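Taking it in order: structure first as structure tokens, then the write-up.
The values are calculated or read from the model by the stated rules, or taken from the named source; none is laboratory data. These figures come from a predicted structure and were not determined experimentally. Cβ placement follows ideal geometry from the backbone for every residue including glycine, while neighbour counts extend to all protein chains displayed.
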């Protein structure tokens with residue numbers, strides 16, 4: 001393989017696909033040609049990149065032999081259909097779709113488990129974890145040596161953009177109809193999501209958990225390298241456009257020194273610890289930001305073995321596109 | 001005291017005050033005269049009751065000797081200022097305000113701890129618990145014999161109406177301004193609440209918890225008669241007008257039989273168990289309903305000692321006004 005790696009972004013016209021192109025330019029992602037590919041109505045659209053317009057081409061017609069690294073964004077169906085072709089052409093793959101298949105790929109957050117890439121057979125095929133798992137892993141990483149973690153309980157408030165642009169448009173449409181006192185016909189989430197909270201991010205599977213809840217728990221165990229840690233995840237859907245908010249309880253074997261926790265969070269990379277009394281929020285702090293914000297660091301009620309946290313993070317950037325580009329940078333530097 | 005007890009509702013023009021009047025009429029609350037009292041701009045307003053209009057009178061001019069039972073609704077300041085006068089006049093008191101003082105009064109949910117009223121010295125002075133504590137207590141009551149509870153972890157998504165009409169108006173105003181692309185000036189919650197989630201329902205106190213979080217934990221311990229049970233509560237503020245949603249994790253000493261849990265919930269009074277795959281929501285199920293809705297009954301991931309639940313409930317009715325009226329009915333029947 002030559003020095004310059006050529007790259008394709010499949011699902012380029014999705015929200016995360018567009019963010020990948022944008023972040024690749026922002027960070028001066030050291031690549032040769034960039035191919036943007038997608039399907040359906042997206043073919044023929046153009047995406048701005050380095051002062052030019054890249055034309056979105058048909059993924060079905062794309063020759064994966066032209067590139068050394070492929071990002072899959074957008075719908076999981078795209079990954080299902082074209083992962084084989086990409087691997088057959090010898091491409092490294094970074095999956096940023098969300099769905100069942102992703103869970104089967106080993107996941108990487110460079111700050112946490114970059115070393116994992118070294119031990120993998122080539123071509124490397126990895127996923128970027130669920131945005132919520134990435135956010136929590138980034139916060140827990142600096143605490144692992146400090147806390148004797150026994151159990152993690154998380155309620156993740158997931159935004160409508162977890163369903164892509166359809167979700168975003170649905171919340172905007174529902175809100176406008178309600179404010180204008182027009183009758184509401186839910187189209188995407190099965191019921192009213194405006195001014196409401198849904199008890200699950202999607203229809204749960206037979207075991208009662210949603211796909212995202214299982215991905216989140218499994219990926220967090222991988223990222224923390226704690227396969228036996230009990231992790232309970234509830235993903236609820238909030239009437240929020242972008243950004244995930246996590247209410248987290250950590251149960252530890254011993255009493256927790258909150259000052260030490262705050263100090264470790266303050267010094268950790270990729271994190272912003274809110275001042276006491278401040279509560280970071282997705283709109284006020286997380287959106288458009290590459291760092292994960294954490295606040296409300298406190299004990300449980302009458303219970304010093306428990307630490308509670310509030311975490312907010314941009315689900316498109318660090319949660320997905322940025323993490324994938326960072327992983328791509330590592331791959332290109334060391335493993336391609 | 002005569003057979004018919006005369007009643008006053010202080011803070012009658014508040015959302016909960018109005019709901020008290022409405023529910024008293026609906027249930028044929030067996031009382032004599034009903035006095036509606038309040039302060040400020042509310043004086044002179046009228047409230048419909050049994051085909052008449054009750055005029056709201058000035059609480060500062062009210063002679064509490066005229067009545068045997070007083071409900072306090074609305075702002076907690078009202079309770080602070082007039083509780084003494086009501087007690088001095090020998091009135092029984094039911095507090096449905098929310099705030100610090102309420103936490104000092106013993107709390108009652110008739111289905112759970114009605115017997116508590118029997119042992120209290122007269123005149124009885126009790127509070128209706130925080131709506132979220134009531135909802136969770138009603139769900140846990142039928143499970144106490146079944147589960148060896150070790151720990152409860154709750155994230156309660158509190159609606160803007162937890163701050164009364166000001167909160168409701170603020171969410172409506174912010175949403176309209178954002179949809180019309182006008183600049184946003186937050187007035188009530190300190191920041192944007194529309195399409196956002198705030199990490200706390202109010203400014204936390206020095207120990208990191210909000211007043212509501214502490215009330216919730218303390219009141220739940222009282223209602224379940226489990227003073228030593230560790231309970232971690234996080235109250236977050238959601239862009240929802242009415243109704244509270246609770247994401248609950250119960251950790252038990254032994255493996256939990258989910259079928260037995262579902263059966264117990266199905267048979268319990270005041271509860272509605274959602275069918276598997278259905279997720280009750282505040283807008284779709286809870287608002288205007290007197291029952292508490294529960295769904296998403298499931299184990300933790302790979303962890304049969306944990307049960308997770310999703311609970312939604314109307315914060316004005318069973319959460320506050322209905323529970324207070326039910327308590328009042330009990331008082332009138334047995335303890336006045």
- Could you look through the range B:287-306, keep only residues that are within 10 Å of chain A (Cβ to nearest Cβ) and at pLDDT below 85, and pick out the one that is nearest to the chain's Cα centre (by Cα)? B:287
- Message: Given the criteria under 21 Å from residue A:149 (Cα atoms) and either touching a helix residue (DSSP H, G or I) at 6+ places or on another chain (Cβ under 6 Å) or more than 8 Å from every other protein chain (Cβ to nearest Cβ) (or both), does residue A:265 qualify?
- Response: yes
- Item | Members of the range B:218-241 that are closer than 17 Å to residue B:107 by Cα and out of contact with any helix residue (DSSP H, G or I) (no Cβ under 9 Å at 6 or more places or on another chain) | B:221
- Item | the range B:310-324 residues that are within 14 Å of chain A (Cβ to nearest Cβ) and within 15 Å of residue B:139 (Cα to Cα), paired with ones that are modelled with pLDDT under 90 and assigned to a loop (DSSP other than H, G, I, E, B) (beta carbon under 7 Å, 6 or more apart) | B:310/B:279; B:314/B:287; B:314/B:288; B:314/B:289
- Query: Across the range A:270-284, what is the number of residues that are touching a residue at least 40 places away in the same chain (Cβ under 8 Å) and more than 7 Å from chain B (Cβ to nearest Cβ)?
  - Reply: 2
- Note on the range B:237-264: residues within 18 Å of the chain's Cα centre (by Cα) and surrounded by fewer than 23 Cβ atoms within 10 Å (Cβ to Cβ) are B:241, B:242
- Message: Any residue at all in the range B:92-102 that's over 29 Å from residue B:224 (Cα atoms) and modelled with pLDDT of 95 or more?
- Response: no
- Message: Which of the strands (runs of 3 or more DSSP E) found entirely inside the range B:43-85 contain at least 2 residues meeting this: without any contact (Cβ under 8 Å) to a residue 60 or more places away in the chain?
- Response: B:46-49, B:52-55
- Is it the case that residue B:256 is within 26 Å of residue A:205 (Cβ to Cβ) and in a loop (DSSP other than H, G, I, E, B)? yes
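Okay, residues lined up against (1) crowded, with 24+ Cβ neighbours inside 10 Å; (2) assigned to a loop (DSSP other than H, G, I, E, B); (3) under 20 Å from the mean Cα position of the chain (by Cα); (4) within 7 Å of another protein chain (Cβ to nearest Cβ):
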site	(1), (2), (3), (4)
B:167	no, no, yes, no
B:201	yes, yes, yes, no
B:206	no, yes, no, no
B:216	yes, no, yes, no
B:223	no, no, yes, no
- Quickly run through the range A:252-282 and pick out the residues that are under 18 Å from residue A:156 (Cβ atoms) and at pLDDT 90 or above. A:271, A:280, A:281, A:282
- Given (1) in contact (Cβ under 8 Å) with a residue 12 or more places away in the chain; (2) at positive phi, number of the condition residue A:304 does not satisfy: (2)
- Set A:15, A:89, A:8, A:24: member being surrounded by 21 or more Cβ atoms within 10 Å (Cβ to Cβ), out of contact with any strand residue (DSSP E or B) (no Cβ under 6 Å at 6 or more places or on another chain) and in contact (Cβ under 8 Å) with a residue 24 or more places away in the chain: A:24
- For residues in the range B:169-181 being at pLDDT 90 or above and under 22 Å from residue A:287 (Cβ atoms), which is farthest from the other protein chains (Cβ to nearest Cβ)? B:170
- Which of (1) touching a residue at least 40 places away in the same chain (Cβ under 8 Å); (2) more than 30 Å from residue B:277 (Cβ to Cβ); (3) assigned to a loop (DSSP other than H, G, I, E, B) does residue A:181 not meet, given it meets every other one? (1)
- Taking the condition in the same structural domain as residue B:71 (by TED's automatic domain parsing) and surrounded by fewer than 20 Cβ atoms within 10 Å (Cβ to Cβ), does residue B:272 pass? no
- Query: Of all residues in the range A:240-253 being touching a strand residue (DSSP E or B) at 6+ places or on another chain (Cβ under 9 Å) and either farther than 25 Å from residue A:301 by Cβ or part of a loop (DSSP other than H, G, I, E, B) (or both), which is farthest from the other protein chains (Cβ to nearest Cβ)?
  - Reply: A:253
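To keep it simple, each residue is scored yes or no on (1) in a loop (DSSP other than H, G, I, E, B); (2) at the interface with chain A (Cβ under 10 Å from one of its Cβ atoms); (3) surrounded by 24 or more Cβ atoms within 10 Å (Cβ to Cβ).
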{"position": "B:133", "(1), (2), (3)": "no, no, yes"}
{"position": "B:147", "(1), (2), (3)": "yes, no, no"}
{"position": "B:153", "(1), (2), (3)": "no, yes, yes"}
{"position": "B:164", "(1), (2), (3)": "no, no, no"}
{"position": "B:190", "(1), (2), (3)": "yes, yes, no"}
{"position": "B:196", "(1), (2), (3)": "yes, yes, yes"}
- Query: Quick one: would you say residue B:233 is in contact with a strand residue (DSSP E or B) (Cβ under 6 Å, 6 or more places away or on another chain) and closer than 27 Å to residue B:115 by Cα?
  - Reply: yes
